[in-house]
Amino acid sequence: MSTHVLRCADAPVPIALAPLPTTQTDPVPATSVVDELLPVLAADSQPRLIVLGPDAALAAVLTHLMRTERLHVEIGYVPVERTYGSRAYQTGTGNAAAKRALEGRAAETPLIRDDTGTVLVGRATLTGPEGAALKGEVYVDEQRLFTGTVPALLVSPSIEEPGVRACVRRRFRRRCWLAGRAAQLGTVGAVVTRDGVASDRVVKRASFYRHHEPWLLVR
């Protein structure tokens, strides 16, 4: 098995990963960096890439693998701190996550993407422009989550099918998640923040759904 570590920004390297070949990159790796690693990984029948960094880094890697039809690469995820992605995929953090990424087995896991072709790893938050309330209507499969005005819409992936969870963010009230294969929003205007990275444009429609192929998560 060929295993390589992609270290994003100044993420501390756990002891378990110290002996492995490592590529240093930005907090969100560019596609060119991932492309340089692919020939190295392709030399092995069971390539494994360990992403050491935040949810946005893992999302960037998975987005590129999806778009280039390379989802056969096994992916280990080692966040430094607890993230929405580490919770969703139950990876742990730090050295515990590193050992799991090295010694675990890859399992097919729902890959959640949006209508822009971007993978969601941890959480998407949808609000009105400049953080205003969100006006519109959301369906999760055939179930209507809300219609009208709400503070924000939250969307997250799930480790198990159907793969997508969505809820309304409300103050002082317990969140009620709806699960399905897809969550779709129609709105007068929304800004989407995916894994901590905000979009630079206002949209009137947004959807998150399970890709037809899974990704290989090592746990």
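Check residue 90 against each of (1) out of contact with any Leu (no Cβ under 6 Å at 6 or more places or on another chain); (2) in contact (Cβ under 8 Å) with a residue 60 or more places away in the chain; (3) open to solvent by less than 10 Å² (accessible area, probe 1.4 Å) and name the one condition it does not meet.
(3)
In the set 145, 134, which member is open to solvent by less than 20 Å² (accessible area, probe 1.4 Å) and either aliphatic (A, V, I, L, M) or on the phi > 0 side of the Ramachandran plot (or both)?
134
Among the residues of region 165-190, what is the count of those that are closer than 17 Å to residue 137 by Cβ and in contact (Cβ under 8 Å) with a residue 12 or more places away in the chain?
Residues that pass the stated criteria total 16.
Those residues that are of a type outside the set (Val, Ile, Thr), open to solvent by less than 70 Å² (accessible area, probe 1.4 Å) and touching a Lys or Arg at 6+ places or on another chain (Cβ under 8 Å), I need them from region 165-176; list them, please.
167
Going through region 68-87 one residue at a time, which ones are under 12 Å from residue 48 (Cβ atoms) and surrounded by fewer than 19 Cβ atoms within 10 Å (Cβ to Cβ)?
72
Looking only at region 186-209, count how many residues are open to solvent by less than 50 Å² (accessible area, probe 1.4 Å), in a strand (DSSP E or B) and not hydrophobic (A, V, I, L, M, F, W, C).
6
Out of region 34-58, which residues are open to solvent by 10 Å² or more (accessible area, probe 1.4 Å), of a type in the set (A, V, I, L, M, F, W, C) and either in contact with a Lys or Arg (Cβ under 7 Å, 6 or more places away or on another chain) or at pLDDT 95 or above (or both)?
Selection gives 38, 56.
Among the residues of region 160-209, write down those that are out of contact with any strand residue (DSSP E or B) (no Cβ under 9 Å at 6 or more places or on another chain), among the hydrophobic types (A, V, I, L, M, F, W, C) and over 15 Å from residue 114 (Cα atoms).
172
Please list, ordered by first then second residue, the pairs with beta carbon atoms under 6 Å, 6 or more apart or interchain, first in region 143-157 and outside any strand (DSSP E or B), second modelled with pLDDT of 95 or more.
Pairs found: 151/133.
Out of the residues in region 138-149 meeting the condition of being β-branched (Val, Ile, Thr) and within 24 Å of the chain's Cα centre (by Cα), tell me which one is nearest to residue 91 (Cα to Cα).
140
For residues that are surrounded by fewer than 22 Cβ atoms within 10 Å (Cβ to Cβ) and of a type in the set (Val, Ile, Thr), scanning just region 106-117, find the one that is farthest from residue 209 (Cα to Cα).
Looking at the filtered set, the residue picked out is 109.
What about residue 156, is it out of contact with any Phe, Trp or Tyr (no Cβ under 8 Å at 6 or more places or on another chain), open to solvent by less than 40 Å² (accessible area, probe 1.4 Å) and not hydrophobic (A, V, I, L, M, F, W, C)?
So residue 156 does not fit the description; no.
The values are calculated or read from the model by the stated rules, or taken from the named source; none is laboratory data. These numbers were taken from a predicted model, which means no experiment stands behind them. Glycine gets a Cβ as well: all are built from the backbone with ideal geometry, and neighbour counts include every protein chain shown. In case anyone asks, the SASA skips ligands and DNA or RNA and just uses the protein heavy atoms, side chains included. Shrake-Rupley method; radii C 1.70, N 1.55, O 1.52, S 1.80 Å.
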